[in-house]
Amino acid sequence: MLFFRQSDDETNKMLPFKSLTSSKQLTPEIIETFFTVTDKMAADIEAKGRIDLLDDKVVALLFFEPSSRTMMSFQSAAQRLKAGMVFAQNASSTSFEKGESLEDLIRMVEAYSDIIVMRHAQQGSADIAAGISKVPFINAGDGGNEHPTQALIDAYTIHKEKGRLDSLNIVFGYDSLQSRSIHSLSRVLSQYEGNRFTFTGPKELEPSDRLLADLRATGTECIIANEVNLHDGYDVAYVNRLQEERFENKVIFEKNRQKYRLNRVDVENSGCLILDPLPRIDEISTEVDDLPNALYFKQASHGVPVRMALLAMLLGKA
Ligand code: NCD
C-alpha cells in the first residue's frame, strides 16, 4: 500500500508524493531530478558547509532499530540545512514501552516537527505511519521490507562512477531474502533498460518469489547463481551482511555466516565496483578496502547530500 496523499498547503513542486515509503515511488524521472539536487547539495557542503534552507523547520528522527550511518547522516543533513531536530532513539526510551501504538506516536510527533524520519522493525510500519502523518514522512527502514533512502544513495553512487543506471551487469548477495537494501535497490534499477541481476548466496536466502516476479515483470533478466566470479564481466557487486536479527532459524545463519566473503583476489583487477550499505561484518575482507573499486565508504559518504536533497525536496524547499 502506498500513500501519495497531499494537502494543499503541503503541495511540493518537485515530487509527486508527500512521503517516501517505498522505492516503488522512485521513477527514473524523479531520480534524475533528485541527482541534480543532490549534486547541488554536495557543492553547497563543499563551498559553505551549512546553508539556511531549512532554518524554519524541525526534523523528527525516530530510530526504533539500531542505526549508525542512516541516523547520523540524517542528523548531519539536517544540521547542514540548519533545521532543528527532535529524537527518539529506541523503543524502550519511548512510550512504546508503555504500550502506546505507532499511530498515536505519529499523531504526537507530527505536532512537534515538520517532517518525520522513522526506522522501525515492523514490515509495513512505514505505510501505517505515512498514512497517519499530516507532515511528510520518510521510511528509514521498515524491518526486512524496504530502505528507499539507501537505494537513492546506492543509485547515486553507481551513477557517479558509471555515468548510467542502465545496461549494467549486477551481482546481489548474500541475503537477498531479508536485506531491505537489496530489495529497494533492485526495484529501483529494474526500471532501467538492459540491466541483468545475478543473485548469489545461501539457497535459503534467495530473493522471494514476489520480488523476483516483480523484477522480471519489468523485463529485467534475473539469475540465481551458487557462485559468481567477479572477473566475468560484472559492473557492480552489491553485497550485504546476513541479516542476523531477522533469522527465525538461527541455524541457517550460523551455518552460512562465514561462507560468503569477498577476498582481495576476488575483487582485484575485476573492474567490478564493490558496494555495501554497511555495516560490513563477514561479507568483505578488510584487505579489499584499499582497492580502487572498493566503493563502500565513499557510498556511505554520499548519505549526507542525498538526505539533504530528500529533506529539502519533501519540504518543498529545494
Ligand atoms: C542497512 C540497513 O539497516 O538495512 N544499513 C544501513 O542503513 N546502511 C544494512 C544492514 O543493516 O545490513
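With the condition kept exactly as written, say whether any residue in segment 58-79 is at pLDDT 95 or above, more than 23 Å from residue 279 (Cβ to Cβ), in contact with a helix residue (DSSP H, G or I) (Cβ under 8 Å, 6 or more places away or on another chain) and in a loop (DSSP other than H, G, I, E, B). No: segment 58-79 contains no residue that is at pLDDT 95 or above, more than 23 Å from residue 279 (Cβ to Cβ), in contact with a helix residue (DSSP H, G or I) (Cβ under 8 Å, 6 or more places away or on another chain) and in a loop (DSSP other than H, G, I, E, B). A count restricted to segment 37-71 and to residues that are surrounded by 16 or more Cβ atoms within 10 Å (Cβ to Cβ) and either within 20 Å of residue 150 (Cβ to Cβ) or within 16 Å of the ligand (Cβ to nearest atom) (or both) stands at 16. Residues of segment 129-146 that are under 15 Å from residue 109 (Cβ atoms), within 16 Å of the ligand (Cβ to nearest atom) and assigned to a loop (DSSP other than H, G, I, E, B): none at all. Tally time: how many residues in segment 203-224 are farther than 22 Å from residue 193 by Cβ and loosely packed, with under 14 Cβ neighbours inside 10 Å? Here the count works out to 4.
Residues that are more than 16 Å from the ligand (Cβ to nearest atom) and in contact with a Leu (Cβ under 6 Å, 6 or more places away or on another chain) within segment 220-241 comprise 222, 235, 236, listed in sequence order. Whether a residue is part of a loop (DSSP other than H, G, I, E, B) and in contact with a His (Cβ under 7 Å, 6 or more places away or on another chain) was assessed, and residue 165 passes this test. Can you pull out the residues in segment 295-312 that are under 14 Å from residue 273 (Cα atoms) and either away from the ligand (no atom under 16 Å from the Cβ) or assigned to a loop (DSSP other than H, G, I, E, B) (or both)? Within segment 295-312, 295 is the sole residue that qualifies. Scanning segment 130-157 for residues that are over 17 Å from residue 61 (Cβ atoms), surrounded by fewer than 24 Cβ atoms within 10 Å (Cβ to Cβ) and touching a strand residue (DSSP E or B) at 6+ places or on another chain (Cβ under 8 Å) yields 143, 157. Of note, residue 273 does not satisfy the criterion of being within 30 Å of residue 37 (Cα to Cα), surrounded by fewer than 22 Cβ atoms within 10 Å (Cβ to Cβ) and at pLDDT 95 or above. No other residue among 155, 130, 140 is on the phi < 0 side of the Ramachandran plot, outside the structural domain of residue 70 (by TED's automatic domain parsing) and of a type in the set (A, V, I, L, M) apart from 155. Would you tally the residues in segment 80-124 being small (Gly, Ala, Ser) and either part of a strand (DSSP E or B) or modelled with pLDDT of 95 or more (or both)? Selection size over segment 80-124: 6. One residue is enough: does segment 228-237 have a residue meeting the conditions under 17 Å from the mean Cα position of the chain (by Cα) and either buried (at least 23 other Cβ atoms within 10 Å of the Cβ) or at pLDDT below 95 (or both)? Within segment 228-237, one or more residues are under 17 Å from the mean Cα position of the chain (by Cα) and either buried (at least 23 other Cβ atoms within 10 Å of the Cβ) or at pLDDT below 95 (or both). With respect to the conditions (1) of a type outside the set (A, V, I, L, M); (2) at pLDDT below 95; (3) in a helix (DSSP H, G or I), residue 150 falls short on a single one, namely (2).
On the stretch given as segment 1-24, residues that are within 21 Å of residue 147 (Cβ to Cβ) and either at pLDDT below 95 or crowded, with 17+ Cβ neighbours inside 10 Å (or both) total 12. Checking each residue in segment 191-209 for being over 17 Å from residue 239 (Cα atoms) and either in a helix (DSSP H, G or I) or touching a Lys or Arg at 6+ places or on another chain (Cβ under 7 Å) (or both) picks out only 209. Among the residues of segment 259-280, those identified as within 14 Å of the ligand (Cβ to nearest atom) and within 30 Å of residue 41 (Cβ to Cβ) are 275, 276, 277, 278, 279, 280.
The values are calculated or read from the model by the stated rules, or taken from the named source; none is laboratory data. Keep in mind that this is a model prediction, so the values were computed, not measured. Reconstructed Cβ throughout: ideal geometry from the backbone, glycine too, with neighbour counts over all protein chains shown.
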